[in-house]
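The values are calculated or read from the model by the stated rules, or taken from the named source; none is laboratory data. Just so it is clear, the structure is predicted and the values come from calculations on it, not from any experiment. Cβ atoms come from the backbone with ideal geometry, glycine included; neighbour counts cover every protein chain shown.
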């Protein structure tokens, strides 16, 4: 980042995801994810204030730790502007510039864009007792090197699923490996073991890596295998149709 964030903003950044009643953020990001092509030096992200009051907006990028203090994070990107006022009904384009520091050339690298919205100070005494909330929105940034083989839209079809029991883990887990160079974002996961269905919180699978999902209530590896039905999310935030596949079982992951 190009400058340090005042302490008060850093504290807000760590505690700004708030869900209270019908409260919602006024500053919205155009899109649900950012695909940064390695063929480009920068991309633009559009922010809009759909609310009725101005907001102070702070933006930064992290490497996956949502609790990390923004001023301590080192990433190969610069955001311009990183702090600005956004009036109601107005928009602001934020430039994300790649600084050129080396990143893996054989796979996507995953980062996160943070947008912190801080409301203006209440001036009217009649409003003084109302709660004001700072909101943080956080979306994925996939840095995609030029020339990667295959197709990002078909990456989900390469996933390999297995029920495993790892040392130190509590119970059995659903393991998924992603041999391809693209990050796979999952929209839903349902494991079917002999007619018993387990809904699993979907996450993402890093490129050329694996992820593990606990399966509460599963006390033994299924003798006759199982089936997992999952959907994935593409570059535009659209959900691909759910795909059923067979799941293998073992005591240790491959």
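Could you count how many residues in segment 134-150 are out of contact with any helix residue (DSSP H, G or I) (no Cβ under 9 Å at 6 or more places or on another chain) and in a loop (DSSP other than H, G, I, E, B)?
Quick first cut of segment 134-150, residues out of contact with any helix residue (DSSP H, G or I) (no Cβ under 9 Å at 6 or more places or on another chain) only: 135, 137-141, 143, 145-149.
Now narrow it down to the ones that are in a loop (DSSP other than H, G, I, E, B): 145-149.
Within segment 134-150, residues that are out of contact with any helix residue (DSSP H, G or I) (no Cβ under 9 Å at 6 or more places or on another chain) and in a loop (DSSP other than H, G, I, E, B) number 5.
Might you check whether a residue that is under 29 Å from residue 114 (Cβ atoms), buried (at least 17 other Cβ atoms within 10 Å of the Cβ) and in contact with a helix residue (DSSP H, G or I) (Cβ under 8 Å, 6 or more places away or on another chain) occurs anywhere in segment 151-165?
no
Output the residues belonging to segment 80-114 that are closer than 15 Å to residue 35 by Cβ and assigned to a strand (DSSP E or B). Break it down into steps so the answer makes sense when it comes.
Applying the first criterion (closer than 15 Å to residue 35 by Cβ) to segment 80-114 yields 96, 98, 103, 107-113.
Answer for segment 80-114, where residues must be closer than 15 Å to residue 35 by Cβ and assigned to a strand (DSSP E or B): 96, 98, 109, 110, 111, 112, 113.
So that you can scan it fast, the table gives a plain yes or no per residue for (1) touching a residue at least 60 places away in the same chain (Cβ under 8 Å); (2) under 28 Å from residue 103 (Cα atoms):
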position	(1), (2)
144	yes, yes
159	yes, yes
185	yes, yes
222	no, no
226	yes, no
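Name the residues in segment 49-73 that are touching a residue at least 40 places away in the same chain (Cβ under 8 Å), farther than 11 Å from residue 117 by Cα and touching a strand residue (DSSP E or B) at 6+ places or on another chain (Cβ under 7 Å), would you? Give the steps one after another, and end with the answer.
Keep residues of segment 49-73 that are touching a residue at least 40 places away in the same chain (Cβ under 8 Å), which gives 49, 53-64, 66-67, 69-71, 73.
Checking the rest, the ones that are also farther than 11 Å from residue 117 by Cα come to 53, 60-64, 66-67, 69-71, 73.
Those that are touching a residue at least 40 places away in the same chain (Cβ under 8 Å), farther than 11 Å from residue 117 by Cα and touching a strand residue (DSSP E or B) at 6+ places or on another chain (Cβ under 7 Å): 60, 61, 62, 63, 64, 66, 70, 73.
Taking segment 182-210, which residues are in a loop (DSSP other than H, G, I, E, B) and either touching a strand residue (DSSP E or B) at 6+ places or on another chain (Cβ under 6 Å) or surrounded by fewer than 21 Cβ atoms within 10 Å (Cβ to Cβ) (or both)?
Residues satisfying the conditions are 183, 194, 195, 201, 202, 203, 206, 208.
Could you tell me whether segment 173-183 includes any residue that is more than 22 Å from residue 154 (Cα to Cα) and in contact (Cβ under 8 Å) with a residue 40 or more places away in the chain? Spell out the reasoning first.
Restricting attention to segment 173-183, the residues satisfying the condition of being more than 22 Å from residue 154 (Cα to Cα) are 173.
Restricting the remaining residues to those that are in contact (Cβ under 8 Å) with a residue 40 or more places away in the chain gives 173.
Yes, segment 173-183 contains a residue that is more than 22 Å from residue 154 (Cα to Cα) and in contact (Cβ under 8 Å) with a residue 40 or more places away in the chain.
Does residue 76 fit the bill of being touching a strand residue (DSSP E or B) at 6+ places or on another chain (Cβ under 9 Å) and farther than 21 Å from residue 102 by Cα? Please lay out each step first, then the result.
Details: touching a strand residue (DSSP E or B) at 6+ places or on another chain (Cβ under 9 Å): yes; farther than 21 Å from residue 102 by Cα: no.
So residue 76 does not fit the description; no.
What do you reckon, is residue 145 modelled with pLDDT of 95 or more, buried (at least 19 other Cβ atoms within 10 Å of the Cβ) and more than 19 Å from residue 242 (Cβ to Cβ)? Steps first, answer last, please.
Details: modelled with pLDDT of 95 or more: yes; buried (at least 19 other Cβ atoms within 10 Å of the Cβ): no; more than 19 Å from residue 242 (Cβ to Cβ): yes.
Here the answer is no, as residue 145 does not meet what is asked.
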